[in-house]
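Asker: Sending over a structure as structure tokens; questions will come in a sec.
The values are calculated or read from the model by the stated rules, or taken from the named source; none is laboratory data. Computed from a prediction, not measured in an experiment: that's the story for all the values here. Ideal geometry is used to build each Cβ from the backbone, glycine not excepted, and the neighbour counts take in all protein chains shown. What goes into the accessible areas is simple: the full protein's heavy atoms, side chains included, and nothing from ligands, DNA or RNA. Shrake-Rupley method; radii C 1.70, N 1.55, O 1.52, S 1.80 Å.
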Amino acid sequence: MPGISFLATPEETADTFFVRLCCGGVKAVALLARPFLKAMNAFNASRFPSSRSAPSYPFVDDGRYDYGLSQPEHGIVMERGVRIPMRDGTELRGDVFRPDTPGRFPVIMAEAPYPLYIKVQPGVDDNGGVGTRYQQFEQANPEYWVPRGYVYVTINTRGYGGSNQPSAFLDYQEAVDYYDAIEWAASQPWSNGKVGLFGISYYAMSQYFAAALKPPHLAAIVPWEGLLEPYRDIAYRGGILSRFAVMFAFMMQVTADRPWKSKNFMELMLTHPYLDDLWTYGTGILDGRRDTPRIPDDVGLIEAPMLSVGNLNDPDLHLRGNVNAFAGAGSREKKLLLYSGTHWGSAYQPWANRTVLRFFDHYLKGRPTGLEREPAVDVQVRTGPDTFTHVYGNSWPLEQTLWTRYYLNARDGSLVTENPEEESSAEAVWREEKEVGSSYQVTFRTPPLEEDVTVAGPVTAHLWVSTQGRDVDLTVELRDYDPQGRETRFAYVIAGSPDEPVTRGWLRASRRALDPERSRPHQPWHLHKRSDWLTPGVPVEVDVKIWPTGMVFKAGHRIAVTVHCGRYKRKGEAYFRVRPLPFLPAITLRNSMYQAYSSPARGTRVHTGGRFASWLELPVIPPDPSPVHPVLIRDDRFEPETVGGEMGDRFEWTNAGSEYHSVTEASGLGLWDSQIIRGERSHNPETWWVKVPWAGTFSYRDMVCGFQGRVAVPPRVPDRVSAGERVAVTMSVEPPPEGTAFDLQLRKGDGEWQTVREAVAEGRAELDPLEAGEYGVRCRIRSLEDGTKATGWSPPAEFTVR
């Protein structure tokens, strides 16, 4: 829709007649398209379920990736077109997939206005051997969940899928309906009364406000890549209309059961460019309803356990919502996972299935999974275009964050650690980058970094800008350049097709006013209630909220920030690879639907230095001073098989194979478990690490392929001890886990080992005075309830008594 960009001009006005004409045309298109859409839906329904799983993968879903969790043991019964009653008598339509054996099972639900039986999901190339006959767009795969003892229920929002009601998408009524559907599912004879919500995109964001209503039988939610605020997260990011929002409004009108009687979503969006009650309360406000939840405030009413999953390679649509939902949720038990991967491809891989299964096994089946012993936040910080490691914490932003400013210097285009004394400015110039896009822009770079800089959290750009008009749209991108000047970019849809920078943010300069109540240190919050026009040529101060990220900028690389001014024509994300003819090379088809509608803005300048201090603020994670001991995971072994270190050292396992693997401590004490470590097969090889604070010999096992390795850590004693002195032995730098304790053995010379202390609950013990000689001491951790569960004896620590 190239002609629609005038509706988002800096003057914030549009020709009302043209808007109504355009939006009336949308309803006309919906009427004309209705027979075709009905035929297409009927055709898709007739082919569902698929006669076979396609494409076929050379893997088998035998449960190996889900060790210690629910295993595939059941067949599948499918009930289509089930009528689900609402409190007002309306019936929604849905499908139920349940185990073919008698019993009561926990229920997983998903709800959205999308047509059912759509199977297209670009980039999905590894389901871990799970069948795809029942797979649908952005939903959980029944062929994974039902055999593991779950019921899966998918329903259409009111106004879609055959309810023959006016549309209620993105409205309070939708949340009420979802509440009723949850309670209906909990009361069915095949249900154990516990319901969890799971899905991608719309199937994720619809969970937030249903959960805020607190259905009694809602036991857990997993919003996987789900935006929270329709206004800030997609429709008007930074106050700028997005192409995706226009497309989405069009599709929701066209696919509605009664498009001519449903509200005109396109018209509502285009005639409400400011953040008003419509965006705060939903479309029900137009009917006079005031008892609706506030967006995003009421996310704080959520009490159900939450696993919020965001994608660091998505600086356009959902990532901000997942982070803000986690931070704002009232749940006492909540987790945030920010992963590195592709939107659809990663979500169905074995590591992702296991991540969600572990959460639901814990909260819907009551199985012990160790979740409660793990940090609340896991950021998979990227170390390259496809590789990553982890940063952990218990709050957002991460509690260990060092907020670090890099000041812009327009004189030489640099990013420096101190504000330049001299004032200067740089004019945005036209530039075309082949794989990125074109815009009027200005870029600032650091000198080559002397050491790695790890960043994990929200990012802000504080800028002074001027322009020759009354307004200018700013798109600010955080970028990484290697020593050869090549940018590191990341794949969002198709693995191997990098199309995104480290992260980005937006702001229309006239929308720079901040909300003093919601803004937090390092996290500006804009009002979007009015336009404060610029005076041509006069600099103004703006704070651009850049979306969260996780990145290791390596030594020798340069951190860069690019300010795109006005229209930024992006190349777009790679969505499909097609081969026009068998003998021709494959071509990549791109979709630029996430870019913004902005007017041209020439004569824009970025001012720096002195009173025009402009900076980029990064959430830097301080480097870990602990020694690091690396281990490579091959597809048939750990290399080296045994690795030694000291208490408190960091041990790192990098998956250098193709298969998924695990590093699972094997004593039965559950001291650590990496879960699934991704290899080349996932397109995102992983480095996982753990700090070992105890002394002992720790055997660990790859639960996928069965091979083993060992970590050997000795206790600590003084090298020399005087005869008659007590001997201090340090066995850990923190107490042993609850329910365990240390045993301690002593040996003189080449003699036999003798147990000298048992069940020591502290990390330090003292031995009675010893006679002169050469000694060794070793320890292990043992369960206090089951003595058969114990680590191996540590390597001995040698010392001399004189």
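Asker: Kindly list the number of the only condition in (1) under 23 Å from the mean Cα position of the chain (by Cα); (2) at pLDDT below 95 that fails for Val176.
Answerer: Val176 satisfies all of (1) under 23 Å from the mean Cα position of the chain (by Cα); (2) at pLDDT below 95 except (1).
Asker: Turning to a different aspect of this structure: Give the number of residues within the stretch 709-726 that are open to solvent by less than 60 Å² (accessible area, probe 1.4 Å) and not in a loop (DSSP other than H, G, I, E, B).
Answerer: Residues meeting the conditions: 5.
Asker: Does Ala555 meet the test of being open to solvent by 10 Å² or more (accessible area, probe 1.4 Å) and in contact (Cβ under 8 Å) with a residue 24 or more places away in the chain?
Answerer: When the stated conditions are applied, Ala555 passes them.
Asker: Could you list, in sequence order, the residues of the stretch 638-689 that are crowded, with 19+ Cβ neighbours inside 10 Å, β-branched (Val, Ile, Thr) and more than 30 Å from Asn127 (Cβ to Cβ)?
Answerer: Listed by number, the list holds a single entry, Val643.
Asker: Continuing with this model, one more query. Check off (1) on the phi > 0 side of the Ramachandran plot; (2) more than 47 Å from the chain's Cα centre (by Cα) for Glu774 and give me the number that stays unchecked.
Answerer: (1)
Asker: Right, another one. If you take the residues of the stretch 164-186 that are touching a strand residue (DSSP E or B) at 6+ places or on another chain (Cβ under 8 Å) and farther than 27 Å from Lys261 by Cβ, which of them is surrounded by the fewest Cβ atoms within 10 Å (Cβ to Cβ)?
Answerer: For the stretch 164-186, the residue satisfying everything is Ala186.
Asker: What are the pairs, 6+ residues apart or on separate chains, where a residue within the stretch 742-758 that is touching a residue at least 24 places away in the same chain (Cβ under 8 Å) has its Cβ under 6 Å from a residue that is of a type in the set (S, T, N, Q) and surrounded by fewer than 17 Cβ atoms within 10 Å (Cβ to Cβ)?
Answerer: Gln745/Thr755; Leu746/Gln754
Asker: Looking only at the stretch 552-580, which residues are within 15 Å of Tyr492 (Cβ to Cβ) and not hydroxyl-bearing (Ser, Thr, Tyr)?
Answerer: Scanning the stretch 552-580 gives Arg570, Lys571, Gly572, Glu573, Ala574, Phe576, Arg577.
Asker: Which residue is most open to solvent (accessible area, probe 1.4 Å), if the candidates are limited to the stretch 374-406 and must be among the β-branched types (Val, Ile, Thr) and within 21 Å of the chain's Cα centre (by Cα)?
Answerer: Only one residue tops the list, namely Thr387.
Asker: Here's something else I'd like to know. Are any residues in the stretch 407-439 of a type in the set (Phe, Trp, Tyr) and either within 27 Å of Ala491 (Cα to Cα) or surrounded by fewer than 17 Cβ atoms within 10 Å (Cβ to Cβ) (or both), and if so, which ones?
Answerer: Trp430, the sole residue that qualifies.
Asker: Is it the case that Ala613 is open to solvent by less than 40 Å² (accessible area, probe 1.4 Å), touching a Phe, Trp or Tyr at 6+ places or on another chain (Cβ under 9 Å) and within 30 Å of Val493 (Cβ to Cβ)?
Answerer: no
Asker: Provide a single number: the residues in the stretch 475-512 that are assigned to a loop (DSSP other than H, G, I, E, B), over 18 Å from Val381 (Cα atoms) and modelled with pLDDT of 95 or more.
Answerer: So the count comes out to 5.
Asker: Filter the stretch 493-519 down to the residues that are out of contact with any Lys or Arg (no Cβ under 9 Å at 6 or more places or on another chain), more than 29 Å from Asp471 (Cβ to Cβ) and open to solvent by less than 20 Å² (accessible area, probe 1.4 Å) and list them by number.
Answerer: Within the stretch 493-519, Val493 is the sole residue that qualifies.
Asker: Where in the stretch 220-285 are the helices (runs of 4 or more DSSP H), entirely inside, with at least 1 residues that are under 28 Å from Ala329 (Cβ atoms) and open to solvent by less than 10 Å² (accessible area, probe 1.4 Å)?
Answerer: In the stretch 220-285, 243-254 are the helices (runs of 4 or more DSSP H) which contain 1 or more residues that are under 28 Å from Ala329 (Cβ atoms) and open to solvent by less than 10 Å² (accessible area, probe 1.4 Å).
Asker: For the stretch 313-362, how many residues meet the condition of being of a type in the set (Phe, Trp, Tyr), farther than 23 Å from Gly496 by Cβ and over 13 Å from the mean Cα position of the chain (by Cα)?
Answerer: Total satisfying the criteria: 2.
Asker: Out of all the residues in the stretch 727-742, is one or more hydroxyl-bearing (Ser, Thr, Tyr), open to solvent by less than 20 Å² (accessible area, probe 1.4 Å), closer than 20 Å to Leu671 by Cα and modelled with pLDDT of 95 or more?
Answerer: Among the residues of the stretch 727-742, at least one is hydroxyl-bearing (Ser, Thr, Tyr), open to solvent by less than 20 Å² (accessible area, probe 1.4 Å), closer than 20 Å to Leu671 by Cα and modelled with pLDDT of 95 or more, which makes the answer yes.
Asker: Which one is farthest from Glu451 (Cα to Cα) among residues in the stretch 341-373 that are open to solvent by 40 Å² or more (accessible area, probe 1.4 Å) and either touching a Phe, Trp or Tyr at 6+ places or on another chain (Cβ under 7 Å) or at pLDDT below 95 (or both)?
Answerer: Here the answer is Pro368.
Asker: Still on this structure, please answer the following. Could you list all residues from the stretch 127-160 that are among the charged types (D, E, K, R) and buried (at least 24 other Cβ atoms within 10 Å of the Cβ)?
Answerer: The one that is among the charged types (D, E, K, R) and buried (at least 24 other Cβ atoms within 10 Å of the Cβ): Arg158.
Asker: Hey, could you check the stretch 190-213 for residues that are assigned to a loop (DSSP other than H, G, I, E, B) and over 18 Å from Tyr281 (Cα atoms) and say which is least open to solvent (accessible area, probe 1.4 Å)?
Answerer: Ser201
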